[in-house]
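Peer 1: Take this structure, written in structure tokens, and hold onto it; I'll ask about it next.
Each reported figure results from applying straightforward, stated rules to the coordinates on display, with no laboratory input. Just so it is clear, the model here is predicted, and its values are computed rather than measured. Cβ placement follows ideal geometry from the backbone for every residue including glycine, while neighbour counts extend to all protein chains displayed.
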Amino acid sequence: MHLPIVAHPDYSFPFPAGHRFPMDKFGLLQQRMRELGILKQHNLFQPTPCSAAELSMAHSYHYIQRFSIDALSDQELRRMGLPWSEGLRQRTFLAPNGTLLTAELALKYGVACHLAGGTHHAHYDFGSGFCIFNDLAYAARQLIHSGKAKRILIFDCDVHQGDGTARILEDDPEVFTCSIHCEKNFPHRKAISDLDVGLEKGLGDGDYLKTVEETLLQVIEQAQPELVIYDAGVDVYANDPLGLLNITLDGIRARDKSVINTCLKLKIPIATVIGGGYDEDQIALAARHAIVIEEAAKLFI
């Protein structure tokens, strides 16, 4: 058995050149995984689109419908940060089920990786910060509702706080939300997760890794999860234009290896999503996003 990987060819689509969001990175990440021999046909799982009814598990049905037919206001689109298109609509209804499928595969095989996901700024009835629907909250609620898991930990190591996730799930005792992020970064108005760890700007590998490792053990003890959904955002990287931390590539690899191995050592299935990462050089960016999948794949060698 190879590492179960969830992806879809429609995750990347023709997108305005020069836009700050690196839409090509999803296709480039899939390409890199194939080049490394990690992604093959037999371990590729493709999600089907969510229905509006399914998405209403985590979002306002009215908001879902208005997004679907391109009826959001100019102000809502500015807050979302992405220009509406049919390609955007297609990928936006695919990715939440991608994270749900990844979580289901993790429960079966111990670990699984989604080559997208981590849209943690999406709120119940509006999009924000390049996030439209919250795949983390959606997948967690679907798993709880279906009885496939009773307790879930969302462990978010993206450099930005998972404010949408925290707000959607604030009254869900079965899902523990933990965000480790740069405090002086977007969003400026923070939500309240079950545990928030705000990091100082410029933090380096040593203190960062210590914080991640200690926090993970703390929240596992506290939440007693049957599944961890891990947002492995690479915008913690020192040269990420939206990051403000000082983490090296080796630091990212050590973080991802530690998180995966800690969960599996404690016999807790882990599903990974790629989270945020920004760079005009999207090939280099895809290589950074590949790190968490590379570390997970080593368990299947």
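Peer 1: Collect the residues in segment 58-75 that are surrounded by 17 or more Cβ atoms within 10 Å (Cβ to Cβ) and either of a type outside the set (S, T, Y) or touching a strand residue (DSSP E or B) at 6+ places or on another chain (Cβ under 9 Å) (or both), keeping them in residue-number order.
Peer 2: Within segment 58-75, A58, H59, I64, F67, L72 qualify.
Peer 1: Suppose we filter segment 27-71 for residues that are small (G, A, S), more than 22 Å from the chain's Cα centre (by Cα) and closer than 17 Å to V292 by Cα; how many remain?
Peer 2: Matching residues across segment 27-71 total 1.
Peer 1: Here's a follow-up. Confirm whether E35 is free of Cβ contacts under 8 Å to residues at least 12 places away in the same chain, loosely packed, with under 13 Cβ neighbours inside 10 Å and closer than 22 Å to D281 by Cβ.
Peer 2: Yes; evaluated as a whole, the condition is true for this residue.
Peer 1: Looking only at segment 110-134, how many residues end up being in contact with a strand residue (DSSP E or B) (Cβ under 7 Å, 6 or more places away or on another chain) and either in a helix (DSSP H, G or I) or hydroxyl-bearing (S, T, Y) (or both)?
Peer 2: 1
Peer 1: A further question follows. Are any of the residues in segment 146-157 part of a loop (DSSP other than H, G, I, E, B), under 26 Å from T211 (Cβ atoms), in contact with a Lys or Arg (Cβ under 8 Å, 6 or more places away or on another chain) and touching a residue at least 24 places away in the same chain (Cβ under 8 Å)?
Peer 2: Yes, there is a match, as at least one residue in segment 146-157 is part of a loop (DSSP other than H, G, I, E, B), under 26 Å from T211 (Cβ atoms), in contact with a Lys or Arg (Cβ under 8 Å, 6 or more places away or on another chain) and touching a residue at least 24 places away in the same chain (Cβ under 8 Å).
Peer 1: Looking only at segment 231-289, filter to residues that are free of Cβ contacts under 8 Å to residues at least 12 places away in the same chain and more than 29 Å from H19 (Cβ to Cβ); which one of those is surrounded by the most Cβ atoms within 10 Å (Cβ to Cβ)?
Peer 2: Applying the filter and picking the extreme gives N261.
Peer 1: With L227, L216, L199 as the choices, which residue is surrounded by 18 or more Cβ atoms within 10 Å (Cβ to Cβ) and over 30 Å from Y109 (Cβ atoms)?
Peer 2: Only one candidate qualifies: L199.
Peer 1: Quick one: D24 ticks every box in (1) more than 18 Å from the chain's Cα centre (by Cα); (2) acidic (D, E); (3) crowded, with 16+ Cβ neighbours inside 10 Å bar one, so which box is it?
Peer 2: With respect to (1) more than 18 Å from the chain's Cα centre (by Cα); (2) acidic (D, E); (3) crowded, with 16+ Cβ neighbours inside 10 Å, D24 is out only on (1).
Peer 1: If Q142 meets every condition in (1) closer than 29 Å to H2 by Cβ; (2) surrounded by 24 or more Cβ atoms within 10 Å (Cβ to Cβ); (3) in contact (Cβ under 8 Å) with a residue 60 or more places away in the chain apart from one, which number is that one?
Peer 2: (2) is the only condition that Q142 fails.
Peer 1: For the list (1) under 20 Å from F186 (Cα atoms); (2) of a type outside the set (G, A, S); (3) part of a helix (DSSP H, G or I), I need the number of the one condition that N261 fails.
Peer 2: For N261, the exception is condition (1).
Peer 1: Turning to a different aspect of this structure: Look at segment 280-301 and say how many of its residues are among the charged types (D, E, K, R), over 25 Å from M1 (Cα atoms) and not in a loop (DSSP other than H, G, I, E, B).
Peer 2: 0
Peer 1: Quick one: is L29 in contact (Cβ under 8 Å) with a residue 12 or more places away in the chain and buried (at least 22 other Cβ atoms within 10 Å of the Cβ)?
Peer 2: yes
Peer 1: Consider L100 carefully, then state whether it is assigned to a helix (DSSP H, G or I), more than 12 Å from the chain's Cα centre (by Cα) and touching a residue at least 24 places away in the same chain (Cβ under 8 Å).
Peer 2: no
Peer 1: P83 - would you say it is under 25 Å from I283 (Cα atoms), touching a helix residue (DSSP H, G or I) at 6+ places or on another chain (Cβ under 8 Å) and assigned to a loop (DSSP other than H, G, I, E, B)?
Peer 2: Criteria met by P83.
Peer 1: Filter segment 167-215 down to residues that are without any contact (Cβ under 8 Å) to a residue 40 or more places away in the chain, touching an Asp or Glu at 6+ places or on another chain (Cβ under 9 Å), more than 25 Å from L249 (Cα to Cα) and not acidic (D, E), then give me how many there are.
Peer 2: Qualifying residue count for the region: 8.
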